[in-house]
1. For a quick check: with amide H placed at 1.01 Å from N, whose amide H comes under 5 Å from Gly32's, ignoring anything fewer than 5 positions away on the same chain?
2. Beyond 27 Å between alpha-carbons counts as too far, so tell me which of Lys241/Lys428; Lys333/Lys389; Lys385/Lys428; Lys140/Lys238; Lys127/Lys154 fall in that bin.
3. Determine ³J(HN,Hα), in whole Hz, for all residues of segment 206-218 in sequence, where each value follows from phi through the Karplus function 6.51 cos²θ - 1.76 cosθ + 1.60 and θ = phi - 60°; x replaces Gly and Pro.
4. So if I place +1 on the C-beta of Lys and Arg and -1 on the C-beta of Asp and Glu, and nothing else carries charge, what would the dipole magnitude of the chain be about its Cα centre? I want it in debye, nearest 20.
5. Specify the residue with the greatest mean-square fluctuation among Ala317, Ala225, Ala234, computed from a Gaussian network of the chain linking alpha-carbon atoms under 10 Å apart.
6. Modelling each spin label as a point 7 Å along the Cα-to-Cβ direction, I'd like the Glu6/Lys403 distance in nm, to one decimal.
7. How are the alpha carbon pair distances in the chain distributed across 20 Å bins from zero to the largest one, expressed in percent?
8. Per residue, how large is the accessible surface of segment 241-329? Use a 1.4 angstrom probe and give square angstrom.
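The values are calculated or read from the model by the stated rules, or taken from the named source; none is laboratory data. What you are looking at is a predicted structure, and each value in this text was computed from that prediction instead of being measured. Here the Cβ positions follow ideal geometry from the backbone for every residue, glycine too, while neighbour counts run over all protein chains shown. Surface areas here come from the heavy atoms of the whole protein model, side chains and all, with no ligands, DNA or RNA. Shrake-Rupley method; radii C 1.70, N 1.55, O 1.52, S 1.80 Å.
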Amino acid sequence: MNLLDELRWRGMLHDTMPGTAEHLAEHQPISGYIGFDPTAASLHIGNLATIMLLVHLQRSGHRPVALVGGATGMIGDPSMKSSERNLLDEETLRINQAGIRAQLERFLEFNDGPTGAVVVNNYDWFKEFGFLEFLRDVGKHITVNYMMAKDSVKRRLGTPEAEGEQRAEGLSYTEFSYQLLQGYDFSHLYKTLNCTLQMGGSDQWGNITTGTELIRRLDGGKAFALTCPLVTKADGTKFGKSEGGNVWLSPQMTSPYQFYQFWLNAADADASRLIRVFTLLSEAEILDLEAQHAPAPHQRILQKALAKDVTSRVHSAEAYEAAVAASEILFGKGDLEDLQRLDEATLLDVFAGVPRLEVPREQAGSLLVADLLSEATQYQIFPSKSEVKKMIQGGGVSLNRQKVAAADQAVSELPLLQDKYLVAQKGKKNYFLISLV
Ligand SMILES: N[C@@H](Cc1ccc(O)cc1)C(=O)O
């Protein structure tokens, strides 16, 4: 299937520049690029939607070029942002760009053929570009009037006399110049890699068209553009955030377990759109899943397929299996060994919603199980020490998934998780996490 048709049925096509479809059809392969600024150490799932554009470009027989914005990241894109951002220091930028480059490489295929992916960094061509040279060779071709007319900067320019929401924050000369840098990138890639297409989220349209304009003026060439819609949620809240903030692609910043849970918890109203954008499942496969999902939404068939596909691709098949196993622990599955397999971050994620009790290590060492558990009265899980004893005798208490046999067992004899934690369970569903501090 050609790229535009593929993107269209997936709901991933927002805007295309006239002539883009013909250009893609006539020239096989073309090179198309998307830029990613190193504003954080990792990309997040908002970026994943645009990464998928590159993946589809490659699958439809073209060459994907991923650009790491080592230079543009030093400036900060004002597109659709309501306020001026702080500059990142160079050390942070260099760390971030290495991380992002490695992530981008995971999603694309590299080979010597005509569709093999390319990764570039715009710092490489900007680092030696002098200011005067830039003003004379690039800035001279674009009017301020043209730059100010972009939706992406308009809201920051606003009218200074306006009040409240309408009041413009203003825009530094630095951020205002951003579109020229991105525009120049496109013209540079046009010249050096014969790159004739730039893609991105719909907020990038203004910057992309500055590029096609520069290509026309500087190189007398013609280049094309396509954007995808920003992913939204049916309930109007921002897509891509969980309680802990952004959902990152780095397993150090968002554990594969949390990542998996994020997709699993997608609303029914969003799942159909998300599975089209974030997985490579075919239309027939998705329609089939939807048909299974509709009569039994509580089984979350769509969400499970979505979570499986995305977690396996972003992390790995093993990470996906581990996330499923961890998810089942709260539903009563798994034994001591399964608990021991969880790394500390995942253990804390799994039991994130569970009451937490901190007990000084020296004190715990001399306690009996019944004493330790009666410490938990503040959570009113065990109303009294005698209640603890009674429940233990009835076989209703377990620690780290092992039934507590006797109330006078010494805490020091219990196996700790990560040398620090005990998962206590009263009956089937009441958990709490004891950590020795
Ligand atoms: N401006 C883009 C990133 C980008 C940077 C340089 C480019 O040449 C292209 C795109 C963004 O913020 O998402």
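1. Arg63, Val65
2. Details: Lys241/Lys428 31 Å; Lys333/Lys389 25 Å; Lys385/Lys428 20 Å; Lys140/Lys238 39 Å; Lys127/Lys154 29 Å.
Long pairs (Cα-Cα over 27 Å): Lys241/Lys428; Lys140/Lys238; Lys127/Lys154.
3. Residue by residue, segment 206-218 yields x, 5, 5, 6, 4, x, 5, 5, 5, 4, 5, 7, 7 Hz.
4. Values: 43 positive and 54 negative charges, 118 e Å.
It works out to roughly 560 debye.
5. Ala234
6. Each label point is offset 7 Å from its Cα along the Cβ direction, giving 5.6 nm.
7. 22, 44, 25, 9, 0
8. Values: 4040 Å² over 89 residues.
Accessible area per residue, segment 241-329: 45 Å².
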